[in-house]
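A short write-up of the structure that comes next.
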Amino acid sequence: MKELKDTQNERDDRRLPIDRVGVKGLRFPVEVSDKGGSVQRTVATVSLAVDLPAHFKGTHMSRFVEALHAHGGCLDVRTIASLPRELLRKLDARKAHIEFQFPFFLSKAAPVTGKQGLLDYEVRFEVEAEEGKPTDFIVTVFVPVATLCPCSKAISERGAHNQRGIVTYSIRSTEPIWIEDLIALVERSASCELYSILKRPDEKAVTERAYDNPVFVEDLVRNVASRSNAHESITWYRVEAENFESIHNHNAYAVIEKH
């Protein structure tokens, strides 16, 4: 059989290295251990990339997918963490970057009736490997919360405006931290957490809890940052909050990053 031409390995003379090149938008099954000792089987949206030296015309896209499938039909967290090093070897690269984003479900009991319901959160793992350096692992959780406006409460005779928001919380840590614990840290920082099932006694309880605990978007990110600073394993964080304002035609936004 005649050998096929390998166009990717041809030389490129524009002298422009590429920071990341690879594949994205792949969907792949993953297994994630939860704090209760069970394993959640979910589906991640995956991105895989490496750097490309200036003299190469292209990378070998099929090798990314081959590396992903080499571990069978489902990956776990340990395999995900080791994958960038495999890409370095397979693609003769200096840097490799991967992202896995997936839904993670928690069963939550309503605060008064105890009715159980599943609530979904988004989680993202970002892992980067570079020759001669430790592997970098960032965990991000996307946590929906409720916030009640302190200003509205202070100036209104009857009630205060409140709304849902989303907190995007990213960390690096010296030890693994359970996804559930990161979610709980964020939820404790808001006016109230969200639930999937609420009967009337539960609705009364969460409404009053939010009213008793008003937070601006600024308070929200500062609360998360303060709890992160007090956590002995967290070495870096970025907390971003966006409130979907109920009485304005805009969203409120704040971010804090530990440098």
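Considering only the stretch 186-216, state which residues are of a type in the set (A, V, I, L, M) and either modelled with pLDDT under 95 or over 21 Å from the mean Cα position of the chain (by Cα) (or both).
Listed by number, the residues that qualify are ILE197, LEU198, ALA205, VAL206, ALA210, VAL215.
Might you let me know whether the stretch 13-25 holds any residue that is under 25 Å from SER173 (Cα atoms) and in contact with a Gly (Cβ under 9 Å, 6 or more places away or on another chain)?
no
Somewhere in the stretch 129-137, is a residue under 17 Å from ASN251 (Cα atoms) and open to solvent by less than 50 Å² (accessible area, probe 1.4 Å)?
No, because not a single residue in the stretch 129-137 is under 17 Å from ASN251 (Cα atoms) and open to solvent by less than 50 Å² (accessible area, probe 1.4 Å).
Scan the stretch 59-80 and give yes if some residue there is among the basic types (Lys, Arg), surrounded by fewer than 16 Cβ atoms within 10 Å (Cβ to Cβ) and either under 19 Å from GLU131 (Cα atoms) or in contact (Cβ under 8 Å) with a residue 12 or more places away in the chain (or both), otherwise no.
No, there is no match, as no residue in the stretch 59-80 is among the basic types (Lys, Arg), surrounded by fewer than 16 Cβ atoms within 10 Å (Cβ to Cβ) and either under 19 Å from GLU131 (Cα atoms) or in contact (Cβ under 8 Å) with a residue 12 or more places away in the chain (or both).
For the stretch 144-259, list the strands (runs of 3 or more DSSP E) that sit wholly inside it and hold at least 2 residues that are without any contact (Cβ under 8 Å) to a residue 60 or more places away in the chain and farther than 24 Å from GLN40 by Cβ; which are they?
252-257
Looking only at the stretch 108-123, which residues are open to solvent by less than 60 Å² (accessible area, probe 1.4 Å) and closer than 23 Å to VAL217 by Cα?
Correct list: LEU119, TYR121, VAL123.
Inspect all residues belonging to the stretch 8-18 and state whether any of them is more than 20 Å from the chain's Cα centre (by Cα), modelled with pLDDT of 90 or more and in a strand (DSSP E or B).
Checked the stretch 8-18: at least one residue is more than 20 Å from the chain's Cα centre (by Cα), modelled with pLDDT of 90 or more and in a strand (DSSP E or B).
Please pick out the residue among THR140, THR135, THR174 that is out of contact with any Pro (no Cβ under 9 Å at 6 or more places or on another chain), under 29 Å from ILE18 (Cα atoms) and hydroxyl-bearing (Ser, Thr, Tyr).
Going through THR140, THR135, THR174 in turn, just one is out of contact with any Pro (no Cβ under 9 Å at 6 or more places or on another chain), under 29 Å from ILE18 (Cα atoms) and hydroxyl-bearing (Ser, Thr, Tyr): THR140.
Tell me, yes or no, whether the stretch 121-142 has at least one residue that is aliphatic (A, V, I, L, M), at pLDDT 95 or above and farther than 30 Å from ASP51 by Cβ.
no
Could you pull out the residue among ASP202, ASP212 that is open to solvent by 50 Å² or more (accessible area, probe 1.4 Å), among the acidic types (Asp, Glu) and farther than 22 Å from VAL255 by Cβ?
The match here is ASP212.
Residue check: is GLU193 of a type outside the set (Val, Ile, Thr) and either open to solvent by 70 Å² or more (accessible area, probe 1.4 Å) or within 27 Å of THR113 (Cβ to Cβ) (or both)?
Spelling it out, GLU193 is indeed of a type outside the set (Val, Ile, Thr) and either open to solvent by 70 Å² or more (accessible area, probe 1.4 Å) or within 27 Å of THR113 (Cβ to Cβ) (or both).
Given the condition open to solvent by 70 Å² or more (accessible area, probe 1.4 Å) and under 15 Å from ASP19 (Cα atoms), answer yes or no: does some residue in the stretch 93-107 qualify?
yes
The values are calculated or read from the model by the stated rules, or taken from the named source; none is laboratory data. These figures come from a predicted structure and were not determined experimentally. Ideal geometry is used to build each Cβ from the backbone, glycine not excepted, and the neighbour counts take in all protein chains shown. Accessible surface areas use protein heavy atoms only, side chains included; no ligands, DNA or RNA. Shrake-Rupley method; radii C 1.70, N 1.55, O 1.52, S 1.80 Å.
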